[in-house]
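As C-alpha cells, the structure follows; a few thoughts come after it.
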Amino acid sequence: MFRPYTPKGDVQKKPYHTDRFYVPKEIAQEPITDEIVKDDLEKLERAIGDTKSFFMRNEAIVYVPAPKNKEALALLRSLGYEQLMELSAIDYLATRGELEVFYELLSAVKNRRLRLKVVIKEKEAIESVADMWRSANWSERECYDMFGVIFNNHPRLSRILMPDDWNGHPLLRSYPLQGDEFARWYEVDKIYGKEFREKIGEENRDPARVDRNDTRNFARLGYEVGVGEAPKDEITPIKYVEKRSIVLYDDFDPQKQKVLDKRK
Amino acid sequence: MAKHQIDYLSSGGLPIALTTVDKLVNWGRSNSLWFLTYGLACCAIEMMASGGGRFDFDRLGTIFRASPRQAEVMCIAGTVSKKHAPFVRRLYDQMAEPKWVISMGSCANTGGLFNTYATVQGVDRIIPVDIYLPGCAPRPDTLIYAAMMLQRKIRSEPMNRKISAKRFV
Ligand code: SF4
C-alpha cells in the first residue's frame, strides 16, 4: 500500500499566507427553525418588543434594546434559561462605533443555548444582573475592566484584572498590545517615581538585544574599577584580546605597546 | 602529656584551624541560604520540585521560608505582572540585609514570551538581581546550580559589603 502521489514541484512557489489581514466573511443569518427556541423568542418579543433574532451556525442569537437587558434576561430565566455561562463584550467601535455586550445562556431543562446581545455606545451604562446570577458579578467587573462598559447597580464595580489605578481598557482594539506610555512605565512610576525613568530606561522588548549598558545601574557592566578605587563615569572600551593560558607567550595587547625612544 | 605524645589524627587532624572573619562569616552565610519562595507561574512548579525529595534542595542548607523577615534570598520564579510589581518590591524591601535575588526563568529575566502591556519586562526593572537563571522552565538542577553559584559569590565577597550602589532608592 502506497499513499497516493501528489506532485510537490510548486510547493515553494505557493504563498503560505495569502492575506495577512484576512477579514472573514460574515456568517449567514438563518431563520429560526427550532420549535422550542422559537416559542421562547416569541414570548420575549411580546414582552419586550423590538427584538431581532436569528440562527447563526445553529446558535440562537437575539438582540434586545440596551435599556431592557435585565427585563429580557429575567424573562428568559423564568423560561428555563437558568445558567449564565458567559458575559463579555465585543469591540466594534472602529467599524460601527458601538460595543456589543453578550450573555450566553444555557437551559439544562430544555437542553438549549441562547445568546442575548445588546448594542451600546462607548461608555454607555447598562443594568447589572449581578443580583440574578452570582457569576455575573465578576464577569461584569471584568467587562468593565477590559472594555469600560459601566453596569448600573453593580455591588462593586471596580477593576478586577488590572491594577486599580490603571489607565485605559486593554481589550479595546484601540489599545496597543505592548501598552501605552502609562503601561510602559507603570511599575517604574509607581515604585520609584517619574524622575527615575531616565535612570532605569525603556522596557527592552527585544529578547535578542544585547546592550552592555542596559543594566548599568545595577551591575555597572563596563564601569568596573580596581579594588579600592573610586567609581568612574567613563566606560571601559571593549578590547577583543583574550588571554590564552599558554605559559610561553602572551597575546599582543595594543594598549600596552610602547615605542622605544632609543635602540637598545 | 608531652607534646609528641598527642595523637592529632584521632581528633580529626590539626587542633587549630586558621581563617579570617570574612571567610568564617561567609561560610556560615553561604551554607544556610533561606529562600523566600516567590512562585508566580509555571517556574514555581520547578522550584517546588527542587525542594522535593528527588532533588533535595535542603542538602545545600537552603530552606524555603514564606516570610520575608527570615529569608535572605528571593527566588522570583515566574511571570511578574505589573499589578504585582509593587508587592515584589515591598517584600524585597522587607527582607533583612544582606539579601540576594535569583531571577528564575525567561519571564522573570526579560518578560519571556509575554511581550505585552501587563507583564514586567524583566524583574531587574524593580529590584536588583544577582543571578539570572535562563530557561523556560529551568530544571530543578539549574536552580540548584544557581544556588551553588550564589554560594560561591557570597564566599568571595567581603562580609560587610556595601550594597547601596546596586539600589535606586
Ligand atoms: S519562564 Fe516559562 S516556565 Fe517560567 S514562568 Fe515563564 S512561561 Fe512559565
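The per residue volume of the convex hull around the alpha-carbon atoms of the protein assembly as shown is 403 Å³. Each of the peptides B:96-102, B:122-128 was scored by the mean count of other Cβ atoms within 10 Å over its residues; in descending order, highest first, they stand as B:122-128, B:96-102.
At a 10 Å Cβ-Cβ cut-off, how would you order A:Asp180, A:Asp261, A:Asp206, fewest neighbours first?
Lowest count first: A:Asp261, A:Asp206, A:Asp180.
Shielding value for A:94-106 is 0, the average number of Cβ atoms from other chains within 10 Å of each residue's Cβ. Would you please classify the overall shape of region B:70-168 from the alpha carbon gyration tensor, given that a ≥ b ≥ c denote the square roots of the eigenvalues, rounded means a/c under 1.5, and beyond that prolate means a/b larger than b/c while oblate covers the rest? The shape class here is oblate. Report note on the peptides A:142-148, A:88-94, A:70-76: ranked by the mean count of other C-beta atoms within 10 Å, highest first, their order is A:142-148, A:70-76, A:88-94. Does region B:13-81 come out rounded, prolate or oblate, given a ≥ b ≥ c as the square roots of the eigenvalues of its C-alpha gyration tensor, rounded meaning a/c under 1.5 and, failing that, prolate meaning a/b above b/c? Because a/c hits 1.5 or more and a/b exceeds b/c, region B:13-81 counts as prolate.
Do the sum for chain A: with -39,500 (n - 2.57) for every DSSP H run of n ≥ 4, divided by all residues, what is the mean residue ellipticity at 222 nm, to the nearest 500 deg cm²/dmol?
Helix-only estimate at 222 nm: -5500 deg cm²/dmol.
For region A:105-112, putting each phi into the Karplus relation 6.51 cos²θ - 1.76 cosθ + 1.60 with θ = phi - 60° gives couplings of 10, 10, 10, 6, 6, 9, 6, 9 Hz, in residue order, rounded to whole numbers and with x for Gly and Pro. Across peptide B:81-93, the mean count of Cβ atoms from other chains lying within 10 Å of each residue's own Cβ comes to 3.
From least to most packed, judged by other beta carbons within 10 angstrom and beginning with the fewest, A:Glu181, A:Glu45 follow the order A:Glu181, A:Glu45.
A simple packing score, the average count of other Cβ atoms within 10 Å per residue, orders the peptides A:111-118, B:65-72 as A:111-118, B:65-72, with the highest score first. Legend: mean number of C-beta atoms from other chains within 10 angstrom of residue C-beta atoms, peptide A:181-194, equals 4. Note that region A:18-109 shows a convex hull volume over its alpha carbon atoms of 130 Å³ per residue.
No lab work stands behind these numbers, since they all come straight from the coordinates. In this text, all values refer to a predicted model and were calculated from it rather than measured experimentally. Neighbour counts run over all protein chains shown; Cβ positions are idealised from the backbone, glycine included.
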